[in-house]
Amino acid sequence: MANIAAQRIKREFKEVIKSEEVAKCAIKLELVDDNYTELRGEIAGPPDTAYEGGNFLLEIKVPETYPFNPPKVRFMTRIWHPNISSVTGAICLDILKDQWAAAMTLRTVLLSLQALLSAAEPDDPQDAVVARQYKENLEMFKLTARHWTNVYAGGPNVNPECDEKIKRLIDMGIEEHQARVALSSYNWDLERATEQLFS
Amino acid sequence: MADGVNSIMKKDDISSKGNRVTEFGGSEIAQESSIDEFAAPEAKFECPICLSWLRDPVLTFCGHRFCRVCIYEWLEKENACPVDNKKLNRDKDIFPDNFTRREISQQRTKCPNIIRGCLMELSPLDVESHLLVCEFQCPELPDHEKLRCTFVNVGCFEKFEDEPELQRHLEQNIQQHLTLLSQAYAKVNEVQNNDSSSSALAQANFWDPPPKAGASSTQVVPDENLQNLLRALYEKIIFLEQKAREQDIILSNMSEQISSHVSTISNFQQRYCNGCFIWYFNDFKAKIKSMRDNPRLMHYSPGFYTSSYGYKLCLRINLSPRDNNYLAILFHVMKSEHDQALDWPFCGRLSITIVHPFQSYKNIKETMMSRPELQAFNRPMHDLNPKGFGYTEFASIEELFDQEFIANNQLIIKVNAQPV
C-alpha cells in the first residue's frame, strides 16, 4: 500500500478515535487488518428518523491511491433506504464518487453517511424500489425502514403485524429475508407479495 | 506578525502544561508536547491531503496550503480545490508559499524516540528520515509480540513496540480511556441490573407467601422487603459477631484467672498440709519405662510444708543407680520464703509410706530421723538442696506390681515430716 495512504489512514484513525462523535457513540471505527487497507465503521441511526436506535456496520476499503480517490464504502447491515441498495448495501453518495475531495476524511465520510440517513435523496436513487415507495407512500416507507432497523440493526421498534405476515410466508416455505423483501416491495400487501414470489 | 506571537504563546502554554504533568510522572512526560506536535502538526502547517507537515508548501488562489506533490497529484484528475471545491488552474492558481516554508524550517521538534533516550532536535520534515537511522528506534515487532494497551479489555486496541511507548499512549489518551471505561461500566451495570432485578425478584417470591388472587400489583414491595430483611440480618450478624468477640475476651480472661486460682489453691493445700503430703505418682508404667531408658531421669513431687511457716520439702523418685529394678525415694529440702526464721539444719522425723490402694496392711512404711551432719539437711542455697536423703532401694518394682500397689497406673506415696 502506498506510503501516503497508510500514513493518512493512521492519522485519521486516531482523529476519529479521539473525536467527540465517538465519545457520544454516534460513530465508531475499527481496524480489520493491520496494514490499514480495510476498516470497519459503525454509525448510529440518527434520532427522529426511522433508523433511530439501530447500529449500522460499514465495510470501508482504502484504495492504494487514497486520498486522491475516495474510500470504497458499503453497508454490511441491511437497510431500507432510497440511496442504499437493499441487496448489496452499495451507497449512492456524491462524495464517495465524483464529489470526493482529498481533504475529506473517514470521519467526514461517516458523518456524511449519518446525514444521508436523516435526509434521503429519492431523486438520485440507488434502490429504485425503495425510492418509489419513498416518493409514493412515505408512511409505508417509514414503517418498512423501522421494521428493517428493528430486525437487522437492533432497533427498538417491533412491528408485530409485519412479523405476522412474514411468518405466513415462511409457513409457505419462503426464506425469511426473501419474504421480507417481497412484502417490503409490495407495501406489505400479502397477496401481491405471494403472487410475485410464486410467479 | 500576530500569527507568530500567537504561536509562541501557544508553545508556552503547552510546555507549562507539560511541567504540570511532570509533578506526577517522570521527566519523559514533560517532553510530550513536542512529540504531539510531530504526530499532528498545527492546522496551519498541515497538508489537508496527506495530513502531515507541509513539504514544499504551495498556496492556492482560494487560500489553501498543500504540499506541492500532493496538490499536483490531485489536480491530475480534478481541477478543483480539495477543500472548498473552487476551480483551480494548475498553471495559474498555485504559488509557492515561502513564508510558511520558512516558518516550518524554523520549527524544531524532538525525535519521537526521546522516550527511549534520543536527544536529537530536528525539523519536523526530517523526522521520518531520521527515524530510519535513529539508533534508539526499536525494531518493529511481529504483531502478536507487541504490547497491548492496558485498556484492551474495554476496547482500546492500540499496540506498541515497548513500555515507554505504551506509557506515552496511556498519558495521552486518558480522556478516551475514561470514555471507554464509562461505556464498559454502563454495560456492566445494565447486565447487573438485569441480573439482580430478576434474581432479587425470584428470591423475593421465594420468601413471600403465595400471592393472593388478584393482588399482583405488589412487585416492588417484596423487593424492598427483601432488601430490608437483608439489611436487618446483616446488622444483626455484625452485632452478634461483635458480641461473640467480647465474650471470647471475657472467657479467656476468666480461664486465666481460674488457672491462677487453681495453682494458688494447690499451693495452699501443700502449704497447710502440716507435713503430711500424699503424692499421686501417675502414669507409672510409662515413667518407669522412660527412667529405664534414661537412668538419669528423676521425678520430683510438688513442694509441701511441714507447717504454714515451716520447712518446704519435696520427694524425688528415680531408679536405683545400682539396680534398676528398685525405686529410690528421697526427700529434698527446698528453699521457702521463711527459711531465715527456721532452725538449720532441719531436724525431725521423716516417714515415707507406699500406700496399697485396697489393703492398708500391705503398706510399706519407713521412718527415718534426720541426721544434722548431712548436707541434705542444710539450708538450701538454690531452689532445691541438691543433696537428698532417703532410700536408694525403697521397693522392688516387680514387687509393687505383684502386690497390686499399682492401681489405675498410679502409685500413691504418703509422706510425713515432723520437725522436732
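Any read-out appearing in this document is the output of simple, stated calculations on the displayed coordinates, not a laboratory observation. Keep in mind it's a predicted model, so treat the numbers as computed, not measured. Here Cβ is always computed from backbone atoms with ideal geometry, including for glycine, and neighbour counts include all displayed protein chains.
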GNM of chain A, Cα pairs under 10 angstrom: of A:Arg168, A:Arg74, A:Arg146, the biggest fluctuation goes to A:Arg168
Grab every C-alpha pair in region B:141-193, bin the distances at 10 angstrom width from 0 up to the longest one, and report whole percents.
-> 25, 44, 22, 8, 0
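So if R0 is 60 Å, what FRET efficiency would B:Ile258 and B:Gln192 give, r being the distance between their Cβ atoms, rounded to the nearest 0.05?
0.65
DSSP loop trypsin sites (Lys or Arg not before Pro) in region A:1-33 with at most 10 other Cβ atoms within 10 Å of their Cβ, which ones?
A:Lys24
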Theoretical FRET efficiency, 1/(1+(r/R0)^6), r = Cβ-Cβ of A:Glu64 and A:Gln196, R0 45 Å, to 0.05 = 0.55
Expressed in whole Å with the largest first, what are the equivalent ellipsoid semi-axes of region B:276-419 derived from the C-alpha gyration tensor as the square root of 5 times each eigenvalue?
-> 27, 16, 13
Helix axis angle, A:138-152 relative to chain A longest principal axis, alpha carbon, degrees | 70
So for R0 = 56 Å, FRET eff. of A:Glu38-B:Asp248 from the Cβ-Cβ r, to 0.05, ends up at 0.25
What is the spin-label model distance, in nm, from B:Glu145 to B:Glu337 if the labels are put 7 Å beyond Cα along the C-beta direction?
-> 8.3
Inter-site label distance for A:Arg168 and B:Ser351 at 7 Å from Cα along Cβ, in nm | 12.5
Percent of all Cα-Cα pairs per 10 Å bin for the protein assembly as shown, counting from 0 up to the last occupied bin, reads 3, 10, 13, 12, 9, 7, 6, 5, 6, 7, 8, 8, 4, 1, 0
Could you pull out the trypsin sites (Lys or Arg not before Pro) across region B:37-108 that fall in loop regions by DSSP (anything but H, G, I, E, B) with no more than 15 other Cβ atoms inside 10 Å?
-> B:Lys86, B:Arg90, B:Lys92, B:Arg108
Aspartates and glutamates near B:Lys312 by alpha-carbon distance under 15 Å, same-chain residues fewer than 8 away left out - which ones?
-> B:Glu337, B:Asp339, B:Asp343, B:Asp383
Helix-only mean residue ellipticity at 222 nm for the protein assembly as shown, each DSSP H run of n ≥ 4 adding -39500 (n - 2.57), per residue, nearest 500 | -13500 deg cm²/dmol
Go ahead and set up a Gaussian network model of chain A, Cα springs under 10 Å, then flag whichever of A:Thr144, A:Thr77, A:Thr49 fluctuates most.
-> A:Thr49
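Strictly over 24 Å apart at the Cα level, which of B:Lys285/B:Lys362; A:Lys18/B:Lys77; A:Lys97/A:Lys142; B:Lys285/B:Lys365; A:Lys10/A:Lys61 would you flag in this model?
A:Lys18/B:Lys77; A:Lys97/A:Lys142
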What is the gain in length, in nm to one decimal, between B:Thr100 and B:Leu119 on full extension, counting 0.36 nm per residue of separation less the C-alpha to C-alpha distance?
-> 4.2 nm
Could you give the longest part of chain A that holds none of the GluC sites (Glu not before Pro) found in DSSP loops with at most 14 neighbouring Cβ atoms within 10 Å?
-> A:65-174
Please report, largest first and rounded to whole Å, the three semi-axes of the ellipsoid equivalent to region A:128-198, where each semi-axis is the square root of five times an eigenvalue of the C-alpha gyration tensor.
-> 18, 16, 9
For region B:136-174 the GluC sites (Glu not before Pro) that pass both the DSSP coil test and the at-most-16 other-Cβ-within-10 Å test are B:Glu140, B:Glu161
Taking A:Ser85, B:Ser308 and counting other C-beta atoms within 10 Å, the order from fewest to most = B:Ser308, A:Ser85
GNM, chain A, Cα, under 10 Å: largest mean-square fluctuation among A:Met104, A:Met172, A:Met140?
-> A:Met172
Quick one: Debye curve from the alpha-carbon atoms of chain A only, equal weights, vacuum; give me log10 I(q)/I(0) at q = 0.09, 0.11, 0.19 Å⁻¹ to two decimals.
-> -0.38, -0.54, -1.26
